[in-house]
Amino acid sequence: MKKDDIYAKPMDPLPSFSFNEKVADVFDDMISRSVPCYKETQMLIANSALNFYQEGTTIYDLGCSTGETLKTISQLSSKINKMIGIDYSLPMIEKAKIKCKDISNIRFVYDDVLNIKFENTSVVILNYLLQFMTIPKRVELLINIKESLLPNGAVVIFEKIVSKNFKNDFINIHELFKEQQGYSKMEIKQKREALENVLVPLTYEENKKLIQDAGFTKVEKCFQYLNFCGIMCS
Ligand SMILES: C[S@@+](CC[C@H](N)C(=O)[O-])C[C@H]1O[C@@H](n2cnc3c(N)ncnc32)[C@H](O)[C@@H]1O
């Protein structure tokens, strides 16, 4: 796994964060050192997918990046009919294709998730995707998913959220976690600034409302570590 040192040197001007080639190259290291419990939540997502999967149907992973989630599912079960990962970053899709080249039931599609016509869908995974979309696009996507989901199907969403009561404390504690993962204070500060207006988090309650407004009637938090939250809905 290539080490993430993108923000290790001072950058002036500091470009806005994007899922470009440089980021795709170090993404697996970046996300596992930046998102607390990343490995554990991959397992939680994979086991949830297996729980809701219906024989002969398709599992979609939206904003799949390098394909880690679908690879994890395939390691836990060989019985899935079809899995489709979608991402609008070509370098990410290329990495995902290489990572999963020997897994025949996984296909990766280079496209915007809003262009996808979901078919025969029992499970949809959105692992840290919505936060990168505008609010109207989040709503549009959630409605598209809800309208295509098979009865008893489910959606697993993970989002970075904003704490209502401990906003700055959660951010500070998360930054301590990142320092303990080997990032310097300067790297943390530059990445935070690069992500401003690119990653736009909502509170859990705001996310829940968007999901309910899209037509989901069962919405429940299944994970939280500081400002990282998992939500299950159907
Ligand atoms: C934080 S990463 C997701 C991490 C990944 N799901 C995982 O489990 O490791 C967000 C991904 O969403 C993709 N993305 C953001 N908006 C998108 C959109 N509208 N359509 C397709 N992909 C999108 C980005 O290119 C990026 O690869």
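Just so you know, all these numbers are worked out from the coordinates, no wet-lab data involved. Small disclaimer: the values here were computed from a predicted structure and weren't measured. Please note: Cβ atoms are built from the backbone with ideal geometry, for glycine as well, and neighbour counts cover all protein chains shown.
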Prolate/oblate/rounded call for the range 93-234, Cα gyration tensor, a/c under 1.5 rounded:
oblate
For the pair Ser16/Lys167, report the inter-label distance in nm, with labels modelled 7 Å from Cα in the Cβ direction.
2.1
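Once R0 is set to 22 Å, what does the formula 1/(1 + (r/R0)^6) return for the Cβ-Cβ distance between Asn51 and Lys82, expressed as a FRET efficiency to the nearest 0.05?
Details: r = 18 Å, r/R0 = 0.80.
Efficiency computed from Cβ-Cβ geometry: 0.80.
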Over the chain, calculate the relative contact order: mean separation of alpha carbon pairs under 8 Å at least 6 apart, over the residue count, as a percent.
22
Report the gain in length on full extension from Leu176 to Glu196: 0.36 nm times residue separation, minus Cα-Cα distance, nm rounded to one decimal.
5.3 nm
Using Cα centres only, tell me the gap between the range 65-128 and the range 192-210 in whole Å.
24
Estimated distance in nm for a label pair at Thr72 and Leu114, the labels positioned 7 Å out from Cα along Cα-to-Cβ:
2.8
Amide H contacts under 5 Å for Arg107, restricted to residues at least 5 apart in sequence or on another chain and with H modeled in the peptide plane, are Met83, Ile84, Gly85
